[in-house]
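Derivation of every value follows stated rules applied to the coordinates shown; laboratory data play no part. All values derive from a computational prediction rather than experimental measurement. No Cβ is skipped: glycine too gets one built from the backbone with ideal geometry, and neighbour counts run over all protein chains shown.
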Amino acid sequence: MGYPFKPHPRETLVLSKYFGEREAISLDGWQERGGYTALKNALGMDPVAITNVVKESGLRGRGGAGFPTGLKWSFMKLGDGKPHYLCCNADESEPGTFKDREIMRWTPHALIEGCAIASYAIGAETCYIYIRGEFTEPLQRMEAAVKEAYAAGIIGPNAMGSGKTVNVWVHKGAGAYICGEETAMMNSIEGKRGNPRIKPPFPAVSGVFGMPTTINNVETLAAVPHILNNGAEWYKKMARADNPKSTGTKLWSVCGNIARPGNYEVEMGFPFKDFLYDLCGGPPTGRKFKAVIPGGSSVPFMNMEEAEAALMDYEGMVAQGTMLGSAGCIVFDDAQSIPKQVARLARFYAHESCAQCTQCREGTAWTTKIVERIVDGNGTSEDLDTLLDIAEQMTGKTICVLSDSCAAPVVSALQRFRGEFEALIKRKVQPAVPVVA
Amino acid sequence: MSHRPSASAGSALKPAPHGHEAAPYKQVFVGETRERLEELIKRYPTRQAVLLPALWMVQDVNGWVSEEGMVETADVLGLTPAYVKGVVTFYTMYHQHPVGKYFIQVCTTTPCNVCGAEDVVNAFLEQTGCDELGVTSPDGRFTVIEVECLGACGFATPVMVNSEFIENVTPDRVPDIVGRLKRS
């Protein structure tokens, strides 16, 4: 629902049904709402059958990459005699995104249930939920819920009396955006600096502690119990008629210059124009929308023409030159300077670069310096070409995609709002100290 | 962008120029805390895996992670102090200098920035008497920093005071928030 606002009639409430409902937080409250029935059933199923249901449902990763979840699970070789691990990515740090936070605050047991089902399906006896250190309230709620679930025998050495072992532990991060990258997260769990690892080997072969590992986003895992309870067909139907590749519901975090910021849950393929103006209430009074970043700060900007034509699923966003990403939607109104906000985004990436790869370490810092000097009125006519050249050098050349993520807003902003940058360069600020003859 | 910090990674904290001496180091991994650490170790196949949780314990007890804290952690987990320092310096939430009694983090990343977060930062600097971002106030009570995305963008501007998370902070709410901290 559009938490903190009331649900809108055009939303489809699955994951967010109990946002804002204090009674749903506790184990009792969650079980009264049908919680843990999916886990109970799952523990009596063949793990491969669970993976097949998830595959059939069309569920794709909700963290940003959109990889098919069932397929990811099927990469885990069952019965290989090695310990397997599940890591739940709750390091939600992508600017614009705050959906996992609400899942953990309001429905912590939904996440534990999803983690337990997924662990069993991939042959893992241990799941680590990696939560960013700044999320003090979600951490507290998740830790309390894990404790309750252990005490009730729902997880632990004999999960729900099944004889199967499912351990779920909360692991607290310490402030690093990059730890949301799956291989960086595994290093962080191992007690290392959060530097991403070169792939291959992929995590399903050699992941955390060198063992087969699956990493799934909070929202992905929280959707799993609903899919098992209601069936793959039910989930698949929530899609555009002409696009079966994106299925189910999606939580959209909406923020920036908009009347009703919050989390909204709609079916895949929902028209973005209706979403912005109807569900979210349009721009703040007296203003107009100027631009939207629809999928967290790492995806390209859209102008309003593109945004109003977009459909809210993986392919619909690609069709408008951007990506669904984490569905963290940042809206800019006509009072905002795009160059200033690009500078701020670049500064974010420069701050968060792990500095392993030269292209990223240097590229994010130089991008920041150049865009900031343009904003300060000290830009030169060559700066825009230099920025594009740097962006080119930063794309597709590094261990992880943080570098690409810094380049995407720069390039897309220059494509759509080049005039704003040029105006700043032309209106060059005069030297502060007048030259005395 | 009057208070633009360095774009380079790493801690935004600066040593306090006001001559505050850090309190003597309190040993961390003894008694109940040591037991908690040993319990945590059982969750992982290696002792090294509890390095982040162990450093949190050091910070909880001492308020920051000093060289002594790194040495004690290294000893307990069978690591070298140099290795531990390498990890500490990677993560922004471990304080490498003592901080004020109230450590105030204001999110100023893009979504909050377009909602006026820079004005919130300025209001905190003014109300707390901090001259500069990352520098503790002369009375030792406050340290204000800008923080990158706190993950609560729909509740702009989110502010963290120690572990307390405050949503929807606007400049006009800042005097009340700081006033409450001054009284407590």
Right, A:GLU148: surrounded by fewer than 20 Cβ atoms within 10 Å (Cβ to Cβ), within 15 Å of A:HIS109 (Cα to Cα) and in contact with a helix residue (DSSP H, G or I) (Cβ under 8 Å, 6 or more places away or on another chain) or not?
yes
Test for A:PRO200: is it part of a loop (DSSP other than H, G, I, E, B), touching a helix residue (DSSP H, G or I) at 6+ places or on another chain (Cβ under 8 Å) and farther than 30 Å from A:LEU43 by Cα:
no
Considering the range A:33-68 alone, what residues qualify as being of a type in the set (Lys, Arg) and part of a helix (DSSP H, G or I)?
A:LYS40, A:LYS55
Taking only pairs six or more apart or across chains, which ones have beta-carbon atoms under 8 Å, a first residue in the range B:29-41 that is free of Cβ contacts under 8 Å to residues at least 24 places away in the same chain, and a second residue that is among the charged types (D, E, K, R)?
B:ILE41/B:ARG47
Test for A:ALA327: is it among the aliphatic types (A, V, I, L, M) and without any contact (Cβ under 8 Å) to a residue 60 or more places away in the chain
no
Can A:ALA309 be described as over 17 Å from the mean Cα position of the chain (by Cα), farther than 24 Å from A:ALA239 by Cα and among the small types (Gly, Ala, Ser)?
no
When residues of the range A:341-362 are filtered for being touching a Lys or Arg at 6+ places or on another chain (Cβ under 8 Å), surrounded by fewer than 23 Cβ atoms within 10 Å (Cβ to Cβ) and of a type in the set (S, T, N, Q), how many remain?
1
Restricting to the range A:284-324, count the residues that are free of Cβ contacts under 8 Å to residues at least 60 places away in the same chain, buried (at least 22 other Cβ atoms within 10 Å of the Cβ) and assigned to a loop (DSSP other than H, G, I, E, B).
2
Every residue in the range A:205-219 that is surrounded by 24 or more Cβ atoms within 10 Å (Cβ to Cβ), out of contact with any Leu (no Cβ under 6 Å at 6 or more places or on another chain) and away from chain B (no Cβ under 14 Å), please.
A:ILE215, A:ASN216
When the range A:102-147 is examined, which residues are found to be among the basic types (Lys, Arg) and within 24 Å of B:ALA54 (Cα to Cα)?
A:ARG132, A:ARG141, A:LYS147
From the set of residues in the range A:151-182 that are among the small types (Gly, Ala, Ser) and crowded, with 19+ Cβ neighbours inside 10 Å, which is farthest from the other protein chains (Cβ to nearest Cβ)?
A:ALA159
Of the residues in the range B:125-157 that are hydrophobic (A, V, I, L, M, F, W, C) and in a helix (DSSP H, G or I), the one that is farthest from the other protein chains (Cβ to nearest Cβ) is B:LEU125
Members of the range B:71-116 found to be more than 9 Å from every other protein chain (Cβ to nearest Cβ) and part of a loop (DSSP other than H, G, I, E, B), listed by number:
B:GLY78, B:THR80, B:HIS95, B:GLN96, B:HIS97, B:PRO98, B:VAL99, B:GLY100, B:LYS101, B:GLY116
Which numbered condition trips up A:LYS82, out of (1) touching a residue at least 60 places away in the same chain (Cβ under 8 Å); (2) within 27 Å of the chain's Cα centre (by Cα)?
(2)
Breaking point among (1) at the interface with chain B (Cβ under 9 Å from one of its Cβ atoms); (2) surrounded by 24 or more Cβ atoms within 10 Å (Cβ to Cβ); (3) hydrophobic (A, V, I, L, M, F, W, C), for A:ALA327:
(1)
State whether the residues of the range A:406-415 include one that is farther than 30 Å from A:ALA65 by Cα and surrounded by fewer than 18 Cβ atoms within 10 Å (Cβ to Cβ).
no
Positions within the range A:1-30 being over 30 Å from A:LYS273 (Cβ atoms) and touching a residue at least 12 places away in the same chain (Cβ under 8 Å), in sequence order
A:GLU21, A:ALA24, A:ILE25, A:SER26, A:LEU27, A:TRP30
Here's a check for you: in the range B:40-70, which residue that is polar (S, T, N, Q) and part of a helix (DSSP H, G or I) is farthest from the chain's Cα centre (by Cα)?
B:GLN48
Being buried (at least 23 other Cβ atoms within 10 Å of the Cβ) and outside any helix (DSSP H, G or I) is the filter here, so list the residues in the range A:363-388 that pass it.
A:GLY379
Restricting the range A:120-145 to residues that are over 24 Å from A:VAL54 (Cα atoms) and hydrophobic (A, V, I, L, M, F, W, C), the residue that is surrounded by the fewest Cβ atoms within 10 Å (Cβ to Cβ)
A:ALA144
Run down A:LEU111, A:LEU139, A:LEU71, A:LEU86 and say which single residue is more than 26 Å from B:ILE166 (Cα to Cα) and in a helix (DSSP H, G or I).
A:LEU71
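Can you say whether A:ALA391 is under 24 Å from the mean Cα position of the chain (by Cα), buried (at least 24 other Cβ atoms within 10 Å of the Cβ) and within 26 Å of A:LYS290 (Cα to Cα), as far as the supplied structure shows?
No: the conditions fail for A:ALA391.
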Could you list, in sequence order, the residues of the range A:229-280 that are of a type in the set (Lys, Arg) and either in a loop (DSSP other than H, G, I, E, B) or free of Cβ contacts under 8 Å to residues at least 12 places away in the same chain (or both)?
A:LYS237, A:LYS245, A:ARG260
Quick one: would you say A:ALA355 is free of Cβ contacts under 8 Å to residues at least 40 places away in the same chain, hydrophobic (A, V, I, L, M, F, W, C) and at positive phi?
yes
Can you give me the number of residues within the range A:88-107 that are more than 8 Å from chain B (Cβ to nearest Cβ) and of a type in the set (Gly, Ala, Ser)?
1
Only one of (1) among the basic types (Lys, Arg); (2) surrounded by fewer than 18 Cβ atoms within 10 Å (Cβ to Cβ); (3) in contact with a strand residue (DSSP E or B) (Cβ under 9 Å, 6 or more places away or on another chain) is not met by A:ARG240, so which one is it?
(2)
